[in-house]
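Okay, so here's the structure we're looking at.
The values are calculated or read from the model by the stated rules, or taken from the named source; none is laboratory data. Every value quoted in this text rests on a predicted model; they were computed, and no experiment measured them. Every residue, glycine among them, receives a Cβ derived from its backbone with ideal geometry; neighbour counts consider all protein chains shown. Quick note on the areas: whole protein, heavy atoms, side chains included, nothing else; ligands and nucleic acids left out. Shrake-Rupley method; radii C 1.70, N 1.55, O 1.52, S 1.80 Å.
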Amino acid sequence: MDQPLVTVRDLRLQFRTYAGIVHALNGIDLEIHEQDMLGLVGETGCGKSMTGVCILGLVPRGGEIVSGSIVFRGEELLGKPESYMQTIRGAKIAMIFQDPSSSLNPLFTIGQQLETVMRRHQRADKSQMRDRALELLKVVELPDPARILKTYPHELSGGMKQRASIAIALSCGADLLIADEPTTDLDVTVQAQILDLLRRLRETQGVAILMITHDLAVVAETCQRVAVLYAGQVVESGPVDEVLFEAKHPYTRALLEASPKRSSRGKTLQAIPGTVPSGLQPLEGCAFSPRCPHAMEICGQAPPRISVAPSHTVYCFLYADSEER
Ligand code: SF4
């Protein structure tokens, strides 16, 4: 396979809090390929969004990446100065947020906001920028682009605002879009339209998408590959059909059993017993062991990375007899 667009290895992020050091990411391993649509899924607090902001070089205040590597197009991003990351952010890697109302500036028109981002990363005169802005609004399938250019965010519906945000994210030809719960705040019918749009953009614009979501149905409908996170670690990753329909890791299986979609197909909704680790203690052994029905003595050690099929990886002692890579 070609060199990945992004390779994340052993990424560890900590926060200093009044309660102590919180271990937010505990060795994330991830690969995103060109034109990939990779779902990053897990419960609230598992580190999905933190992984996205680390790739963008936007670690929140109080946070520190203590080890690991983030390689983008063969270049290590960790340790690069902020001035360099500003040339990557928006131009090469862009983000789409959950709430378009807070990501768009209410004081400026959509056209002005598109122009601001383009001017930061590209050389073009006013009329070229206007043409490009009109083209982008067509790409995201907003009706009457000339009118939309002059509108303020509050004049648009939630779905239209999210389309405008996607146009801004695409405006400098980014190779990777990080979409953080991009449909959670939208009506169900609009959610489906936005997911359809993202799927089409991957093909028509040649962009890779990291889809951060808590919703397995979103992953099943839109993604080609998925990585399941638990307590700041990837526990299983691979093609969506394999991971969601032939799940190996006990946590992935529990997550599927807790999914309302699965319940509606005639199965009872199963809550996952126990609670997610607080992150205040460094992980020792398998983080899922206190909740795992298959936990063994050996699970007190760090689980091995097992390849159960080509491109399908699980971190669990249950598969220790399978080929390990
Ligand atoms: Fe369960 Fe052990 Fe596998 Fe962890 S490593 S998921 S505790 S069987």
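Quick notes on this structure:
- Leading residue by the ranking (modelled with the highest pLDDT) among those in the range 263-273 that are exposed (fewer than 11 other Cβ atoms within 10 Å of the Cβ) and not aliphatic (A, V, I, L, M): PRO273
- In the range 69-98, residue least open to solvent (accessible area, probe 1.4 Å) [restricted to those that are under 19 Å from LEU170 (Cβ atoms) and of a type in the set (D, E, K, R)]: ARG89
- Filtering the range 11-44 to residues that are surrounded by fewer than 17 Cβ atoms within 10 Å (Cβ to Cβ), touching a residue at least 60 places away in the same chain (Cβ under 8 Å) and outside any strand (DSSP E or B) leaves ALA19, GLU34, GLN35, GLU43, THR44.
- Residues satisfying the stated conditions in the range 55-67, i.e. within 20 Å of the chain's Cα centre (by Cα), of a type in the set (Val, Ile, Thr) and either outside any helix (DSSP H, G or I) or more than 22 Å from PHE97 (Cα to Cα) (or both): VAL59, ILE65
- Test: residue in the range 215-225 that is farther than 16 Å from SER102 by Cα and out of contact with any Leu (no Cβ under 8 Å at 6 or more places or on another chain): yes
- Any hit, the range 90-106, residues being closer than 30 Å to HIS33 by Cα and charged (D, E, K, R): yes
- On inspection, ILE298 passes the criterion of being near the ligand (Cβ under 8 Å from one of its atoms) and outside any loop (DSSP other than H, G, I, E, B).
- Among residues of the range 53-67 that are hydrophobic (A, V, I, L, M, F, W, C), those with a beta-carbon under 9 Å from a residue that is in a helix (DSSP H, G or I) at least six positions away or on a different chain give the pairs LEU56/MET85; LEU56/ILE88; LEU58/GLY52; LEU58/MET85; VAL59/MET50; VAL59/VAL53; ILE65/CYS54.
- Any helices (runs of 4 or more DSSP H) falling wholly within the range 68-127 and containing at least 1 residues that are more than 22 Å from the chain's Cα centre (by Cα) and at pLDDT below 95: 82-88, 110-121
- The residue of the range 301-317 that is surrounded by the fewest Cβ atoms within 10 Å (Cβ to Cβ), among those that are among the β-branched types (Val, Ile, Thr) and more than 9 Å from the ligand (Cβ to nearest atom), is VAL308.
- Residue match in the range 233-249 (condition: open to solvent by less than 20 Å² (accessible area, probe 1.4 Å), of a type in the set (Asp, Glu) and within 16 Å of the ligand (Cβ to nearest atom)): yes
- A residue that is in a loop (DSSP other than H, G, I, E, B), open to solvent by 30 Å² or more (accessible area, probe 1.4 Å), closer than 22 Å to VAL243 by Cα and aliphatic (A, V, I, L, M) cannot be found anywhere in the range 281-290.
- The residues of the range 209-258 that are in a helix (DSSP H, G or I) and under 16 Å from the mean Cα position of the chain (by Cα), listed by number, are LEU216, ALA217, VAL218, VAL219, ALA220, GLU221, THR222, VAL240.
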